[in-house]
Amino acid sequence: MMKPASLLLADGTRFDGEGIGYDALALGEAVFFTGMTGYEEALTDPSYAGQLLTFTYPMIGNYGISGTASQHHRACVAGAIVKRIARHPSHHAMTDDLPSWLAAQRVPTLVGIDTRSLTTVLREHGTIRAALAVGAASIERMEAALTPYARETSTVGLVADVATRTVQSPTPHATGPHIVVIDCGVKRAIVRDLAALGARITVVPYGVTSEEILAREPDAVVISPGPGDPTDLPETIETLRNLVGRMPMFGVCLGHQMLALALGAKTYKLPYGHRGGNQPVKDVLHDRVLVTAHNHGYAVDGASLPSDLQATMINLNDNTNEGFRHKTLPISAVQFHPEASPGPFDARYLFAEWIGTL
């Protein structure tokens, strides 16, 4: 059943439409996703934890929900915003329609607003804190709840909400390199791609120590993507710092940022963030361009890379750093998502290339 629903931005801009599901009030950063497809992957992407996700494509849900595309065992977004939602999708692999799934997942969802206008506001202002309310009672509480939240800056707790709390071994019988994945919000596609390359994978919580990792005798470590500010995870950064020179490492997205911090570089918050499946990245080592999938609000300051690190990738839209490698140690990282999901496959070779060096 549809209910009145509203989105209130911290600058006072308001959008009124209809809501899906139960009465709810969600607080989060309002961001937008530019992909024409991939809504199931985006809604279940742990990197979107704490965010109100706006889909810029005007019709979402055409092929329903399959479950096989999900990147987490549940929806991770704080809320969703769409122009139109398909109530009668058609696809041979679907198990549910998107509106029913969003309601079952208890994701507050706003439907029927002008998402082009909202995207324009976000493009002008940048990422902005907001409240999404479904139901008359929630709408009445919206402004009072947003006022203190808009003053906050911390993202502490977002990783803990989506990362594993236990050690997992998804490929116990694999005979390839033993790779420990530090889970800061790992996507299923990353585990899938590493497994497809024959890796024996151990997934560990983000609070793991370097001693605990070394005790497992891995051949290498992958640091996963995840939500929020990398500086909110000082213990994980210290773990990586203690592994430098003792273990090959590969960082993805948030993992890229934390590896950079562990090696002496700096990070900063982007005004808009990079989200979607069409970001052009130049591989400066091989003089070629990749179309890549992104989902991050923070970036590595390329000018801060210490002398023992070499920039390997740059974003052609804004020249932000998209990757680096250590000049003498087997350590490298990329800001974008080699596993895509959703997104193009241009960079999928990177995992295979890295594993081939172990």
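Values quoted throughout were computed directly from the atomic coordinates according to the rules given, and no laboratory measurement underlies them. Note that the structure is a prediction, hence the values are computed from the model and not measured. Note that each Cβ is placed from the backbone with ideal geometry, even for glycine, and that neighbours are counted across all protein chains shown.
Any chance you could check the Cα centroid distance between the range 37-86 and the range 183-248 for me, in angstrom? Using only Cα atoms to place each centre, the spacing works out to 26 Å. Ranked by the mean number of other Cβ atoms within 10 Å of their residues, highest first, the peptides 174-182, 56-64 come out as 174-182, 56-64. Considering only alpha-carbon pairs that sit under 8 angstrom and 6 or more positions apart, the relative contact order computed for the range 162-317 is 19 percent. Taking R0 as 25 Å, what's the FRET efficiency between V244 and T153 from their Cβ-Cβ distance, rounded to 0.05? That gives a FRET efficiency of 0.30. Positive end of the dipole of the chain (Cβ unit charges, origin at the Cα centre): among L263, A24, A333, the Cα lying farthest that way belongs to A24. Quick one: go through the range 77-95 and flag any residue whose amide nitrogen is under 14 Å from the point 7 Å out along the Cα-to-Cβ line of R106. Residues 77-79 fall inside that zone.
First select every other residue whose beta carbon is under 12 angstrom from the beta carbon of G157; then total the charges, Lys and Arg +1, Asp and Glu -1. So the environment of G157 carries a net charge of -4. Relative to the Cα centre, the charge distribution of the chain, modelled as +1 at Lys and Arg Cβ and -1 at Asp and Glu Cβ, gives a dipole magnitude of about 300 debye. So how far apart, in nm, are the two label points at T357 and L329 if each is 7 Å from Cα heading toward Cβ? Each label point is offset 7 Å from its Cα along the Cβ direction, giving 1.3 nm.
For N278 and D161, the FRET efficiency from 1/(1 + (r/R0)^6), where r spans their Cβ atoms and R0 equals 30 Å, is about 0.60. Pull out a ≥ b ≥ c, the square roots of the eigenvalues of the alpha-carbon gyration tensor of the range 158-355, then state rounded if a/c is under 1.5, prolate if not and a/b is larger than b/c, and oblate in the remaining case. The shape class here is rounded.
Do any of K282/K327; K187/K269; K3/K269; K83/K282 go past 25 Å between their Cα atoms, and which?
K3/K269; K83/K282
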